[in-house]
Amino acid sequence: MLESMLNVELEDDVYTGDENVRRLERKVAALFGKEDALFCVSGTMTNQLLLRAVVRPMESVLVHASSHLYLYEVGGAAFHSQCQLLPTTPSSGGGGDGSGGAALHLTRADVEGGVFPDDIHMARTAVVALENTINGSVLPQHHALEIASVCAEQGMHLHLDGARVWNAAAATGLSVAELCAPFHSASVCLSKGLGAPIGSLLLGPSSLMHRCKRLRKMFGGGWRHPGILAAAGEYALEHNVGRVADDHRTAQHLSDGLLSLGLELSQPLETNFVWARIPDRFPFTFDALRERLLLKGVRINGGGRSARFVTHLDVSEAEVALLLRELAAAIDFLS
């Protein structure tokens with residue numbers, strides 16, 4: 001990847017356009033079955049550009065209550081697009097595994113019951129934005145298709161935050177084009193799971209991408225020599241998509257190891273997210289484990305009795321084994 005970045009011919013994407021970027025955009029658009037694509041610095045930018053281009057002030061966007069758009073984009077929808085977000089919690093029947101367990105995903109009923117109508121007192125819903133995967137759980141395709149039907153009936157734009165759609169494809173066997181087919185637009189990430197140093201792409205109709213490119217410039221997102229990063233993204237597409245399933249296997253090994261140590265899973269393992277919980281019978285929390293592991297040079301997130309572990313191409317089986325060994329020692333010490 002580094003070699004491909006070093007050998008790229010530099011061009012100015014703001015002034016004359018960069019063929020390296022255009023090649024990447026065309027390749028990703030074709031891969032996802034969309035008309036065009038726009039290379040941006042981050043998934044936050046692609047999501048926010050889409051909203052700014054599609055939503056008008058005094059309109060609303062229905063999102064999952066745990067979505068990145070709602071929780072982790074600094075209130076950008078309100079600031080940039082003067083729109084209202086409608087955070088919606090799945091009610092029932094949205095379990096990722098279809099077992100009737102905890103509802104993880106929005107359904108047609110959730111959307112129909114959550115959108116605001118064209119009422120003078122309300123911010124009419126113009127966009128429904130879904131996420132796949134969300135918290136490591138795969139959005140069932142039948143939910144996406146049913147929600148797309150609702151959007152068509154009510155004239156709403158359907159957007160996908162597909163930062164981790166590569167993991168959904170690896171888990172389901174569906175192509176990324178199939179997963180994104182129900183959506184008018186999608187955001188996909190080249191760093192999460194694929195190992196590029198930076199970059200996401202917004203996908204959709206050429207006319208929409210043209211407007212978003214102007215907005216990207218207004219946002220301060222025009223870049224002079226992005227061919228270096230486009231080369232990294234192209235390398236990631238060619239070499240790292242096929243190995244995403246390896247991350248799922250590594251997550252399975254980590255999950256098995258955590259269970260063998262007496263911890264629990266707070267959510268079924270589907271992709272590369274392992275949601276761990278410390279049972280009440282243990283006299284310690286992840287705060288104490290984190291401090292103990294730091295003494296051994298191992299850093300984890302998490303606090304209280306819950307923690308999230310995410311595997312990716314920079315997490316090896318040997319590192320998972322090291323983590324489990326040090327966790328076992330820390331649990332033994334704290335017990």
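The values are calculated or read from the model by the stated rules, or taken from the named source; none is laboratory data. Keep in mind it's a predicted model, so treat the numbers as computed, not measured. Note that we place each Cβ from the backbone using ideal geometry, even for glycine, and neighbour counts take in every protein chain shown. Side chains included, ligands, DNA and RNA excluded: accessible areas come from the protein's heavy atoms. Shrake-Rupley method; radii C 1.70, N 1.55, O 1.52, S 1.80 Å.
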Does segment 83-92 contain any residue that is surrounded by 18 or more Cβ atoms within 10 Å (Cβ to Cβ), among the β-branched types (Val, Ile, Thr) and at pLDDT 95 or above?
yes
Candidates Ala171, Ala148, Ala144 - the one that is hydrophobic (A, V, I, L, M, F, W, C) and closer than 18 Å to Val54 by Cα:
Ala148
Strands (runs of 3 or more DSSP E) wholly inside segment 107-193 that include at least 1 residues being open to solvent by 20 Å² or more (accessible area, probe 1.4 Å) and of a type outside the set (Gly, Ala, Ser):
124-131, 157-162
From the options Lys27, Lys34, residue that is in contact (Cβ under 8 Å) with a residue 40 or more places away in the chain, surrounded by 22 or more Cβ atoms within 10 Å (Cβ to Cβ) and within 26 Å of Val165 (Cα to Cα)
Lys34
For Met45, state whether it is open to solvent by 50 Å² or more (accessible area, probe 1.4 Å) and under 30 Å from Val115 (Cα atoms).
no
Selection from segment 170-187 of residues of a type in the set (A, V, I, L, M), more than 22 Å from Leu269 (Cα to Cα) and touching a strand residue (DSSP E or B) at 6+ places or on another chain (Cβ under 8 Å) yields Ala186
What is the one condition in (1) within 30 Å of Asp332 (Cβ to Cβ); (2) assigned to a loop (DSSP other than H, G, I, E, B) that Arg290 does not satisfy?
(2)
Among the residues of segment 206-228, write down those that are under 23 Å from Phe79 (Cβ atoms), open to solvent by 100 Å² or more (accessible area, probe 1.4 Å) and of a type in the set (Lys, Arg).
Arg211, Arg214, Lys217
Within segment 306-319, is there a residue that is among the aromatic types (Phe, Trp, Tyr) and touching a residue at least 40 places away in the same chain (Cβ under 8 Å)?
yes
Could you look through segment 293-310, keep only residues that are in a strand (DSSP E or B) and among the aliphatic types (A, V, I, L, M), and pick out the one that is surrounded by the most Cβ atoms within 10 Å (Cβ to Cβ)?
Ala307
Any chance segment 247-260 includes a residue that's part of a loop (DSSP other than H, G, I, E, B) and either touching a helix residue (DSSP H, G or I) at 6+ places or on another chain (Cβ under 8 Å) or closer than 26 Å to Ser200 by Cα (or both)?
no
